[in-house]
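Remarks on the structure that follows.
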Amino acid sequence: MTATQTSSAPRRAAARAAARRADRAAWLLLVPALVAYGSFVIYPLATGIQYSFYDWNGIGVATWVGLENYVQVLMNPDLLGAIRNSFVLIAFFTLIPVGTGLVLATLIRTMRDGFALRASQTVLFLPQIIPLAAAGIAWSWMYAQTGAVNQILSTLGLGFLTRPWLADYGTALPAVGLIGSWVLTGLCTVLLLTGIGKIDTSLYEAIRLDGAGWFREFFTITLPGLRQELAVLVTLTVIAALSTFDIIYTSTQGGPGRATLVPGLLIFRIGFTQSDVGLASAFGIVMMVLVLALVLPIQRLSRIGDR
Amino acid sequence: MRLHTSRRGHSRAVVGAAVAFAMLGLAGCAPGAAAPEESDGVAVSTELTDEEVVLTIADETGFPVTDALTEEFTRQYPNVTFEITRDTFQNLTANAPRLLAGENPPDLIRLPTIGDTVKDGLLANLDPYYDAYGWDAWPASQLSPLRMTEEGVRGSGSLYQLGLGYSVTGVYMNLALAESLGIEEPPATIAEMEEMMEAAKAAGILPIMAGDSDGVVNFVVQALMNQYADQDEFLSWMFNEPGATYATEGNIQGAEKVREWADAGYFPSDINAIDYFTFVTRFSEGEGLFTFNGNWAAAGYQEALGDDVTFFLAPPANEGDRFIAMGAANSFSVAAGSDNLNEIVFFLNWIHTNPEARQIIVDITGASPGGDPSLPLPTVEPGSLIEKALEMSAQIGEDNGQVDFMANTTAGIYAGSIIPESQLLVTSQITGREFVERVQAFYEQEIGG
Amino acid sequence: MITSRTEVVLGRLLLLVAVVLTLIPLVNMLSAALQPADRNPIGLSWPTDPQWINFVTAFEVGNVWRLMGSSAFIVICVVPVALIIATLAGYALGGLQVRGGRIILMVFVLGLTIPFESLIIPLYYQAQALGTLNTQWAVIFPLIGLFMPFSVFWMRAHFVNVPRELSEAARVDGATLWQEFFRIQLPLALPSLSALTILLFIWTWNQFLLPVVLIADPLDRTVAGALTFFQGQYYLSIPLLNAGALIIIVPAITVFLIFQRQFIRALLQGAVKG
């Protein structure tokens, strides 16, 4: 009895020492990643916050201006307009792709895993692979007065609808938004399809035997079963909607007027063309806070559902 | 900042934030403030070194004249070679100040807007060379837009730029279309031009080929403003003189004229979707009676349209008034941090004085080579558009009617205000007055902020 | 399984529509690229006389060899380094369950929500201070850092699912931490690693904002970043622009087509694991 007691104490101590050693080794493994992340994400973030309190042209002497830059971000109609535009884009980057993906995935969930399905998946994924900047170029050409969109409309007898889509005040922002839908719908569909595949098929059998229709099945089984996938997709697409620099830069440059101006483009212009580093930094920080404010609740919601 | 101390947690957060701010402040590390190195200490010399030198140039894409000039220079002086990097006009203007402030600035850089670069000590002051090379024989009016005072006002002060060619803008007219409308001569006044456009519109011919997806319609906007505005007043605004304003009656009148033209359907209906390349192509393919452009397009139009095109200065408001047109140096600056100051300035002087170089400027850009007016002009084909362009340059010089491009007024004004507002103006979304007032508001904010 | 007939037909029809809509812009690019270079093409129409030579012209005018070289250099510097350090960190967080790991993971995951646009201004001045501005290093270093949140998160998700018994068995056999890592953990991690490799390759290859801002000479950028350079050459025509853009996206599409099985499967698993 006493013997076992005396021998277990050092053993536990040794185990603890080993755990400490392992812990130290583990921390060593973390160092390179933390250094890279700290140096090129956290540090710039901190300096960005610092710049945002100064009036600085990037080269000369900086003057402390307190919160003035933030006041400007929240008062200047151009900057507010850009933020509003990016919220409109959420409809096209998030609602349309996720909505289409859901409908499509539910309808084809029973499709056999054959060539047709796999080829479709590959095609739907392609827009994910090409640079957004190239998507911008491809679509500006689609939307041009002499482009394919107008051509198709004319062929369908809808010639009265033709217009230079990216140069029309009413259609420019939705047209840019649809580029985002084009890029993201495939990803959403394929991801949701896989999610549905994981739902127990007996649930579907049961509810159908119960006499339920498509809608009831969708809301009682499919939707809850896809909670996690939906959270991921909404997060991904909302971030994409708020950082649309590439597409806008290569398609509309914010025009016509300021109809498609987005925060990313403004940060670039204010920071580099106008050399107002402080204001551009403040705008960048506001943008980040916006993303966090939108994304964190989504994450929390999906987790609450898990309990 | 007012502290609401009713809730403890809240006030603690505020204190925490305040402490964080204070620490940032205490650290005393306001960003920037490091003065760029000056590479002075090099004695001004007008003799070219015989050592091997590589000169670096940062230029915009689609501007092949630097290729031809440097090639010719290396042929004449084999010890000097060049490295040219190119980026789009837009990217280059955005990056220019930082390129100049960098560790290895290019010796020579295309710099349309001086902006803060002089104040920040990034550009080499060319005054010593002005004296050494005797540039006082060059037309003063050509060089004044390239000067800047220590207070950051352009138009006077020290010389910081020179032009690789000095451009002039005007109106091109498609003579085949003109003939079909019974038009024989270019219009002498704005009113005459409007009559012609009305006739064209009635005959189903597009009156003006223009594009504005990248702001080029401002050739039209400013060409009209020039005829109504007070030239000195307009220039003082472009040179950022304190108190100068864009919101003058003359400018408003010009902008309202654009609005009238827009209302009358004189521009292409998809104007905001048309960029520079597209509108040049479409005019070259015979679409549009008029187009507003610069001498640099002359060679291309000539090639495409042959004898069916002519080039003339934008007509004044009243017959007999002097001509006023935008024109500018294709301005290049020397970096203050350049290690080859003497060599690069020798190159610049050579461009203005060497017969081969002057010929290259004219052949490739169609611009006037500038420099001493007593030097012989390069030879051009008689009756060609380029000959017309050189005559127009001379006319503007005679009338002292050159004004800068308003797009060059400040670094941010073109992309930030003139382009978006002009897109609204040419599609009749805002009035001329609103256009002018909005641009002025942006100007005040940029200059003040 | 019970499914109604209309559902099946409707589903296939919708899928077909989605596939066609996805393909049209790409086909349109190809058809435009094959039109005569000196004319502006009209709409979507297959040229009677396809100008394959446009690809050669675009290749030469666009300095594509140099661009590909530059992109390849950036990829070769970014991807292996990011992979290695993310694997180590992922192992520490997921496999070794280091104390305080939850907080570290949180810090990394928060990084997932930072738009690159928010960091671009300070990254510019940081590159200037480091003297890397206008070189490929100005993009390489930040990209490694910016890829950390996702990569670490990804590798952790893999290691956390490896049964504990495996490593315990190894330790009983007297293997050191390193031996265990290389002999047991790494081989198991290969599928996750290869998927991450493809992802990082495509993200680096397609990276636009960083090279446009941080590298002044377009020929030293990634190919995507050089698209503005193609676009800026206004004397380049729409056919050539489209040809250039197609040349640029071909390598990424090739990599995707070769590895698409692993890619889609891994991406799907990875996205949901968190």
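The values are calculated or read from the model by the stated rules, or taken from the named source; none is laboratory data. Please read all numbers here as calculations on a predicted model, not as lab measurements. Please note: Cβ atoms are built from the backbone with ideal geometry, for glycine as well, and neighbour counts cover all protein chains shown. Just so you know, the surface numbers come from the protein's heavy atoms only, side chains and all, with ligands and any DNA or RNA stripped out. Shrake-Rupley method; radii C 1.70, N 1.55, O 1.52, S 1.80 Å.
Around the amide H of B:Val403, modelled in the peptide plane, lie the amide H atoms of B:Ala325, B:Met326, B:Gly327, all under 5 Å away and 5 or more residues distant in sequence or on another chain.
Across the range C:1-118, Cα-Cα pairs more than 22 Å apart make up 69 percent of the total.
An ellipsoid equivalent to the protein assembly as shown, defined through the eigenvalues of its Cα gyration tensor, has semi-axes of 55, 36, 27 Å when rounded to whole angstrom and sorted largest first.
Calculate I(q)/I(0) for the range B:141-219 by the Debye formula, one identical point scatterer on each C-alpha and no solvent, and give its log10 at q = 0.15, 0.16, 0.21, 0.25 Å⁻¹ to two decimals. So the normalised log intensities work out to -0.72, -0.76, -0.96, -1.17. In summary, the helical segments of chain C meeting the span-like criteria, namely a full DSSP H run, a Cα extent along the axis of 30 angstrom or more and a mean Kyte-Doolittle hydropathy of at least 1.0, are C:5-33, C:64-90, C:137-160, C:238-273. Both the radius of gyration and Dmax for the range C:80-169 are 15.8, 51 Å, in that order, over alpha-carbon atoms. The sum of -39500 (n - 2.57) across all DSSP H runs of n ≥ 4, divided by the residue count of the protein assembly as shown, sets its helix-only mean residue ellipticity at 222 nm to -18500 deg cm²/dmol. Taking θ as phi - 60° and the Karplus parameters 6.51, -1.76 and 1.60, the scalar couplings of the range A:157-163 work out to x, 10, x, 5, 8, 5, 5 Hz in sequence order, x denoting glycine and proline. When only alpha carbons are used to place a centre, the range A:182-250 and the range A:80-132 end up 10 Å from one another.
Trypsin sites (Lys or Arg not before Pro) within the range A:82-116: which are DSSP loop residues with at most 13 other Cβ atoms inside 10 Å? Could the numbers behind the result be given before it?
Numbers: sites: A:Arg84, A:Arg109, A:Arg112; in loops: A:Arg109, A:Arg112.
For trypsin sites (Lys or Arg not before Pro) across the range A:82-116 that sit outside H, G, I, E and B with at most 13 neighbouring Cβ atoms in 10 Å, the list reads A:Arg112.
Normalised by the number of residues in chain B, the average gap of Cα pairs under 8 Å and 6 or more apart makes the relative contact order 23 percent.
Taking all protein chains as present, what is the carbon and sulfur share of the accessible area of the protein assembly as shown, in % to the nearest whole number, probe 1.4 Å?
Values: 25160 of 42030 Å².
For the protein assembly as shown, the apolar C and S fraction of the accessible surface comes to 60 percent.
Considering only A:Trp165, B:Asn104, B:Leu162, the residue lying farthest towards the positive end of the dipole of the protein assembly as shown is A:Trp165, judged by Cα position with unit charges set on Cβ.
Residue order by solvent-accessible surface for B:Asp50, B:Asp232 is B:Asp50, B:Asp232, largest first, with ligands and nucleic acids left out and a 1.4 Å probe. For the options B:Tyr228, B:Tyr266, B:Tyr133, a Gaussian network treatment of chain B with springs between C-alpha atoms closer than 10 Å singles out B:Tyr133 as fluctuating the most. Of all the options A:Ile267, A:Ile130, A:Ile285, the one that moves most in a Gaussian network model of chain A with Cα springs shorter than 10 angstrom is A:Ile130.
Taking only the alpha carbons of the range C:5-55, we obtain Rg and Dmax values of 16.0, 52 Å in that order.
For chain C, divide the Cα radius of gyration by the Kirkwood radius and give the resulting Rg/Rh value with two decimals.
Details: Rg = 23.0 Å, Rh = 21.6 Å.
Reported Rg/Rh (Cα atoms, Kirkwood Rh): 1.06.
Each Lys and Arg contributes +1 and each Asp and Glu -1, all at the Cβ; summed about the Cα centre of chain A, the dipole is approximately 1160 debye. Near B:Gly370, the amide H atoms lying under 5 Å from its own belong to B:Tyr166; only residues 5 or more places off or on other chains count, and H is placed 1.01 Å from N.
About its Cα centre, the protein assembly as shown has a charge dipole of approximately 8800 debye under the convention of +1 per Lys or Arg Cβ and -1 per Asp or Glu Cβ, with nothing else charged. As a size descriptor, the averaged projected area of the C-alpha convex hull of the range A:75-306 was calculated at 15.7 nm².
Using DSSP H assignments, which helices in chain B have an axial alpha-carbon span of 30 Å or above and a mean Kyte-Doolittle hydropathy of 1.0 or higher? Can you show the working numbers first?
Working: long enough: none.
Passing helices, by number: none.
With θ taken as phi - 60° and the Karplus curve 6.51 cos²θ - 1.76 cosθ + 1.60 applied, the whole-hertz 3J(HN,Hα) list for the range B:404-414 is 6, 7, 5, 4, 8, 4, 9, 5, x, 5, 5 Hz, x standing for glycine and proline.
Report the Stokes-Einstein translational diffusion coefficient (µm² s⁻¹, integer) for the range B:367-440, Rh taken as the Kirkwood radius over Cα pairs, at 37 °C with viscosity 0.692 mPa s. Walk me through the intermediate numbers first.
Numbers: Rh = 15.4 Å.
Taking Rh from Cα pairs, D becomes 213 µm²/s.
Excluding ligands and nucleic acids, what accessible area in Å² is computed for C:Val250 using a 1.4 Å probe, to the nearest 10? Here the accessible area works out near 80 Å². Using only the C-alpha atoms, the convex hull of chain B corresponds to 170 Å³ per residue.
What is the range A:75-306's relative contact order, in percent, from Cα pairs under 8 angstrom and six or more apart in sequence? Could you put the intermediate results ahead of the total?
Working: 272 pairs, mean separation 70.7, N = 232.
Rounded, it is 30 percent for the range A:75-306.
Each of the GluC sites (Glu not before Pro) that DSSP puts in a loop and that has at most 15 other Cβ atoms within 10 Å breaks chain B; the longest unbroken stretch is B:320-449. Computed on protein heavy atoms with a 1.4 Å probe, the accessible areas place A:Cys188, C:Cys77 in the order C:Cys77, A:Cys188, largest first. Surface listing: B:His352, C:His158 arranged by accessible area from highest to lowest gives C:His158, B:His352, probe 1.4 Å. Dividing the convex hull volume of the alpha-carbon atoms in the range C:64-225 by its residue count gives 118 Å³ per residue.
Here's the picture: charge each Lys and Arg Cβ at +1 and each Asp and Glu Cβ at -1 in the range C:52-175, and of C:Ile121, C:Leu105, C:Phe153 the one pushed furthest to the positive end of that dipole is C:Leu105.
For chain A, modelled as a GNM whose springs connect Cα atoms under 10 angstrom apart, the maximal fluctuation among A:Ile247, A:Ile49, A:Ile152 occurs at A:Ile152.
Tell me, which longest segment in chain C has none of the trypsin sites (Lys or Arg not before Pro) that fall in DSSP loops with at most 15 further Cβ atoms within 10 Å? Don't skip to the answer; put the middle values down first.
Numbers: sites that count: C:Arg39, C:Arg99.
The reported range is C:100-274.
Inter-part distance, the range B:378-449 to the range C:1-72, computed on C-alpha centroids, equals 39 Å.
Considering only A:Thr189, A:Leu226, A:Ala175, the residue lying farthest towards the positive end of the dipole of the range A:170-307 is A:Ala175, judged by Cα position with unit charges set on Cβ. Computed from backbone phi, the HN-Hα couplings of the range B:149-157 come to 7, 5, 7, x, 9, 7, x, 8, x Hz, rounded to whole numbers (Karplus: 6.51 cos²θ - 1.76 cosθ + 1.60, θ = phi - 60°; Gly and Pro given as x). Database remark: amide H of B:Phe82 closer than 5 angstrom to the amide H of B:Leu55 (H placed geometrically; neighbours at sequence offset of 5 or more, or on other chains; Pro and chain starts carry no H). Here is the interface size for A with C: some 8100 Å² of accessible area buried, both sides summed, with a 1.4 Å probe.
Counting Cβ atoms of other protein chains within 10 Å of each residue's Cβ and taking the mean over peptide A:238-250 gives 4.
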